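Working notes, beginning with the structure itself.
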Amino acid sequence: MIENAKTVNFVGAGPGAPDLITVRGSELLKTADLVVYAGSLVNPEILEICRDDCTIMDSASMSLEEQVSAMAVSAETGSSVVRLHTGDPSLYGAVAEQKRLLEERGIEVRFVPGVSSLQATAAALGIQYTVPGETQTLICTRRGGRTPVPERESLDKLAAHGSTIVLFLTAGQVKEATDELIEGGLDPETPAACVYRASWDDEIILRSDLSWLAEAMRERGIDHQALIVIGKCLDPGETSSLLYDSGFSHRFREGSL
């Protein structure tokens, strides 16, 4: 395949730990001429992969237009450009507008997936989000704030599903969020947890129930960079999947239902 000289690679940096970036993402960083990274979220140790002569720009103080311009100008000269996002770019990555503006300038945009804090949080808690016989649905959402959330996706409405809920970008509003979930019908004793900076060296794990989670987080001073998990997945009991049941047949194993 002939590479387009005018390309920007959007790379998921992973949740924090430097060794959780993908091999593909790491290889792109090694050869990059320009890296624009989310300085407030990406672990700076990951940037040690870059060449000494690589230009590295922190996007924290840059506007959308400034970011796009820097990437486009570099790509237009044939330079290798990486836009480094925390976690996986597809979850709350604010990448759609960057992609659109770059493509309007004739720049090809490619995405390299990363390990999300969603997976890192599950790993830290030692859980799976789906529970046989309880829920096969995972809702990833946030509470509305400066960035609004559609009314049809308000937490009290989502609570009615009884599914596993993971809240992004809500640590600073945890009391309001838990109150709304309880108002929506969740039992105040529903298992709940918070993982602060999953996979980082200063990771903090809190387990509680829904009614006490806000207080537990307040006591530890956690109001940002944390995921909140609510649901039976945190206390699944002795539920078991049918997949490995001796009586469950599929095309790779004979058996009977």
Note to self: Tally up the residues in the range 117-134 that are outside any helix (DSSP H, G or I) and not small (Gly, Ala, Ser), please.
What the structure shows: 7
Check: Between a first residue in the range 99-116 that is under 16 Å from residue 71 (Cα atoms) and in contact (Cβ under 8 Å) with a residue 40 or more places away in the chain and a second residue that is open to solvent by 20 Å² or more (accessible area, probe 1.4 Å) and in a loop (DSSP other than H, G, I, E, B), which pairs have beta carbons less than 7 Å apart while being 6 or more apart in sequence or on different chains?
Finding: 106/6; 107/6; 108/4; 108/6
Note to self: Of all residues being closer than 19 Å to residue 219 by Cβ and touching a strand residue (DSSP E or B) at 6+ places or on another chain (Cβ under 7 Å) in the range 148-188, which is most open to solvent (accessible area, probe 1.4 Å)? Just the residue, please.
What the structure shows: 188
Note to self: Based on this model, can you work out whether residue 249 counts as among the hydroxyl-bearing types (Ser, Thr, Tyr), modelled with pLDDT of 95 or more and open to solvent by less than 60 Å² (accessible area, probe 1.4 Å)?
What the structure shows: no
Margin query: Could you tell me how many of the residues in the range 141-157 are in contact with a helix residue (DSSP H, G or I) (Cβ under 8 Å, 6 or more places away or on another chain) and under 20 Å from residue 234 (Cα atoms)?
Written below: 2
Next item on the list: Go through the range 181-230 and count every residue that is basic (Lys, Arg), in a loop (DSSP other than H, G, I, E, B) and closer than 24 Å to residue 14 by Cα.
Entry: 1
Note to self: Can you find a residue that is in contact with a Gly (Cβ under 6 Å, 6 or more places away or on another chain), under 19 Å from residue 99 (Cα atoms), open to solvent by 20 Å² or more (accessible area, probe 1.4 Å) and not β-branched (Val, Ile, Thr) anywhere in the range 36-58?
What the structure shows: yes
Next item on the list: Scan (1) part of a loop (DSSP other than H, G, I, E, B); (2) more than 30 Å from residue 230 (Cα to Cα); (3) among the polar types (S, T, N, Q) for the single condition residue 69 breaks and write down its number.
Entry: (1)
Next item on the list: Return yes when residue 130 is among the hydroxyl-bearing types (Ser, Thr, Tyr) and more than 15 Å from residue 25 (Cβ to Cβ) and no when it is not.
Entry: yes
Check: Which of the residues belonging to the range 1-18 are part of a loop (DSSP other than H, G, I, E, B) and crowded, with 17+ Cβ neighbours inside 10 Å?
Finding: 6, 13, 15, 16, 17
Notebook entry, point to check: Can you name the residue in the range 19-45 that is hydroxyl-bearing (Ser, Thr, Tyr) and not in a loop (DSSP other than H, G, I, E, B) and, of all such residues, is farthest from residue 84 (Cα to Cα)?
Noted result: 31
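The values are calculated or read from the model by the stated rules, or taken from the named source; none is laboratory data. Everything quoted here is computed from the prediction, not taken from an experiment. For neighbour counting, all protein chains shown are included, and Cβ atoms are generated from backbone atoms with ideal geometry for every residue, glycine included. Protein only, heavy atoms only, side chains kept; ligands, DNA and RNA dropped before computing areas. Shrake-Rupley method; radii C 1.70, N 1.55, O 1.52, S 1.80 Å.
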